[in-house]
Amino acid sequence: MLQQREIDPEIRADVEKFEVQLARYLAGELEEDAFRVFRLNNGVYGQRQGGHNQMLRVKLPYGGVTPEQLDMFAHVADEYSRGWGHLTTRQNVQFHFVQLERVPAALWDLASAGLTSREACGDTVRNVMGCHLAGACPYEALDISPWAEATFRHFLHHPLAQRLPRKFKINFSGCETDCGQAMFNDVGVIATTRTREDGTREAGFRVFVAGGLGANPHPALALEEFTPREDLLATIEAILRVFSNHGNRDNKLRARMKWLVDTMGWEELQERILKERKLLVASSSWPGGIPEAVLKAGDEPAGQGTAVPTPVGQGTPVTLRSRDPYQAWEEANVIRGVAKGTVSAIAYSRLGDVTSEQFRALASIQRELGAEVRVTNRQNFAFRGLSEAQLPVLFERLSAIGMAEPGAELARDVVSCPGADTCNLAVTQSRGLASAIGEALEEAGLAEVGGVRTNISGCTNSCGQHHISDIGFSGAERRAHGRSAPGYTMLLGGYVGQERIHFGERALRLPAKAAPEAAVRVVRRFAEEREAGETFRSWMDRVGGAKAIAEGLKDLDEFPEPDVAPDFYVDYGETGPYVAETGDSECAT
């Protein structure tokens with residue numbers, strides 16, 4: 001039986017308002033455009049199937065989830081959706097094919113578990129993300145968990161955050177390794193330290209501004225050298241205010257924070273933000289000082305301990321030395337090195353899909369082990385606060401539900417957006433390609449190559465974050481022999497870490513059905529040619545860059561005649577001829 005908690009008054013008010021406005025809309029009393037903005041602000045997103053099919057996006061601030069919430073996800077999947085949910089690259093959980101008339105009931109159920117979809121979509125401050133190892137990372141300068149919590153609380157229902165020029169994304173990382181991926185967000189916060197004049201160390205933050213992906217990716221820029229802890233929330237609100245005041249409200253395609261760098265210039269944007277922060281003390285919403293959530297929980301770093309800490313982050317040189325299933329899982333999926341003696345382990349979720357049975361099992365495991373659980377930005381679960389003795393138990397439990405594959409930082413961990421399965425903007429079945437690449441790597445014996453990430457988006461909007469992975473694919477329509485066909489642009493060498501970002505460089509275009517072979521060839525060459533400890537990006541630069549690697553793939557950029565290979569003109573998971581159909585944008589990412 002589902003456990004329920006007292007519903008938060010603000011969430012209660014949200015659901016009650018949704019019921020009223022939905023009734024007005026269904027009665028023809030609320031215009032389509034107004035209702036569309038309203039439901040998006042409540043995390044309800046239209047699907048390409050049309051009608052009343054909706055995607056419901058639930059926020060998990062910094063990925064944190066409780067057993068009760070996992071049980072609730074199982075219930076929502078069975079009662080309102082298709083029996084499974086989808087983990088996103090922004091630590092949300094999505095449910096598809098929820099009928100519009102049943103959304104209020106789903107929202108009430110979610111609210112009873114302390115969950116909200118408020119501002120999970122729309123031109124709002126989206127889910128506040130954080131490194132999934134925060135508070136358990138051997139490298140962190142601060143535990144950013146309470147800071148992400150405080151930021152989530154401050155901006156949820158914030159008057160400024162309801163009708164922004166465009167969506168606004170905030171990410172936190174506890175160290176420069178940047179597992180939270182702060183470097184391509186509107187605000188990216190990385191914990192750091194500085195030396196005071198008396199020689200002592202002060203913990204604080206480096207705040208990065210105006211990053212973004214999409215069709216025109218921009219790297220985030222450092223606002224200042226060091227932001228003290230007591231100034232952090234005021235700094236973020238100042239950035240939001242400048243965006244609200246100066247963002248482009250006439251052209252959605254040029255409305256994100258990143259475009260202010262191009263139109264205003266970095267120095268002026270920087271000056272406006274710092275001035276806004278200085279004067280923000282006069283505002284009734286000034287959030288200066290250390291937030292209550294931080295004072296209550298504390299933000300001391302986990303510490304390294306006496307053992308050699310496990311490397312983390314993109315490019316981690318995972319090498320499987322054992323064929324024993326448990327040993328292989330431990331080598332790939334377990335992170336050690338915390339002073340308090342706890343370890344963390346990754347539960348692998350293929351394509352980010354989780355069945356209701358798996359949700360319930362994960363809740364049971366979490367209760368049994370007394371562990372913390374967080375959703376990762378690579379669509380997996382991180383179990384934290386474990387003892388060494390609990391690892392075999394966790395492996396056994398995960399094995400029983402198909403989530404114990406050694407996937408963390410290995411080639412098999414392919415990330416994909418939902419693609420044309422449900423999204424209005426996608427032009428290709430990115431999930432189908434992700435599955436095909438995974439299968440091809442398994443067949444080629446390359447699925448357990450470490451230190452190579454593959455991300456796939458069904459269009460240029462980069463919901464699958466193809467720009468920042470070692471191997472990235474972006475869906476596109478191709479024309480061949482007078483026919484439309486599914487295709488992809490392949491990018492190589494994307495990287496995020498150490499307070500820097502490289503966006504993937506274009507290699508070549510490919511038919512969708514040739515993309516798995518291209519991925520296999522690149523992973524095989526990387527595995528054969530890399531030097532000890534060499535990252536994918538370093539290897540790529542050493543062998544001549546993306547274009548040089550693409551030379552060995554050019555034979556794959558060919559479309560056979562339709563009567564010779566008709567499958568080249570049918571997308572993954574489809575039965576009929578490919579058609580690039582898109583609908584109105586509802587700001588899916």
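Below, the figures for the structure above:
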read-out: Some residue of the stretch 107-124 being in contact with a Pro (Cβ under 9 Å, 6 or more places away or on another chain) and of a type in the set (D, E, K, R); value: yes
read-out: Residue list for the stretch 377-402, filter: of a type in the set (D, E, K, R) and under 23 Å from the mean Cα position of the chain (by Cα); value: ARG378, ARG384
read-out: Residue satisfying all of: in the stretch 291-318; of a type in the set (S, T, N, Q) and closer than 21 Å to ALA382 by Cα; surrounded by the fewest Cβ atoms within 10 Å (Cβ to Cβ) among these; value: GLN304
read-out: Top-ranked residue of the stretch 355-372 - restricted to ones that are under 21 Å from PHE95 (Cβ atoms) and touching a Phe, Trp or Tyr at 6+ places or on another chain (Cβ under 6 Å), ranked as surrounded by the fewest Cβ atoms within 10 Å (Cβ to Cβ); value: THR355
read-out: Sole residue being in contact with a Pro (Cβ under 8 Å, 6 or more places away or on another chain) and at pLDDT below 90, chosen from GLY315, GLY303; value: GLY303
read-out: Selected residue (only one of GLU442, GLU448, GLU477 is of a type in the set (Asp, Glu) and either more than 16 Å from ALA527 (Cα to Cα) or surrounded by 24 or more Cβ atoms within 10 Å (Cβ to Cβ) (or both)); value: GLU477
read-out: Residue, surrounded by the fewest Cβ atoms within 10 Å (Cβ to Cβ), within the stretch 244-258, restricted to residues that are under 26 Å from the mean Cα position of the chain (by Cα) and without any contact (Cβ under 8 Å) to a residue 40 or more places away in the chain; value: ASN251
read-out: Residue that is in the same structural domain as ASP143 (by TED's automatic domain parsing) and touching a helix residue (DSSP H, G or I) at 6+ places or on another chain (Cβ under 9 Å), where the choices are ALA293, ALA282; value: ALA293
read-out: Strands (runs of 3 or more DSSP E) contained in the stretch 353-422 and holding at least 3 residues of a type in the set (A, V, I, L, M, F, W, C) and under 23 Å from TYR62 (Cα atoms); value: 381-386
read-out: Residues (without any contact (Cβ under 8 Å) to a residue 40 or more places away in the chain and in a helix (DSSP H, G or I)) located in the stretch 287-342; value: LEU295, GLN327
read-out: Selected residue (criterion: surrounded by the most Cβ atoms within 10 Å (Cβ to Cβ)) from residues of the stretch 29-80 that are in contact with a strand residue (DSSP E or B) (Cβ under 8 Å, 6 or more places away or on another chain) and at positive phi; value: GLY43
read-out: ASP123 vs. criteria of a type in the set (Asp, Glu), part of a loop (DSSP other than H, G, I, E, B), outside the structural domain of TRP266 (by TED's automatic domain parsing) and more than 26 Å from LYS296 (Cα to Cα); value: yes
read-out: Test: ARG36 is touching a Phe, Trp or Tyr at 6+ places or on another chain (Cβ under 8 Å) and at pLDDT 95 or above; value: no
read-out: Filter result for LEU115 (within 25 Å of ILE170 (Cα to Cα), surrounded by fewer than 24 Cβ atoms within 10 Å (Cβ to Cβ) and touching a helix residue (DSSP H, G or I) at 6+ places or on another chain (Cβ under 9 Å)); value: yes
read-out: Residue identified as of a type in the set (Val, Ile, Thr), modelled with pLDDT of 95 or more and in the same structural domain as ASP557 (by TED's automatic domain parsing) among THR422, THR454; value: THR454
read-out: Any chance ALA389 is crowded, with 23+ Cβ neighbours inside 10 Å and either of a type in the set (D, E, K, R) or within 30 Å of PRO67 (Cβ to Cβ) (or both); value: no
read-out: Criterion (small (Gly, Ala, Ser) and in contact with a Cys (Cβ under 7 Å, 6 or more places away or on another chain)) met by exactly one of ALA105, ALA141; value: ALA141
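The values are calculated or read from the model by the stated rules, or taken from the named source; none is laboratory data. Keep in mind that what you see is a predicted model, and the values were worked out from it rather than measured. Reconstructed Cβ throughout: ideal geometry from the backbone, glycine too, with neighbour counts over all protein chains shown.
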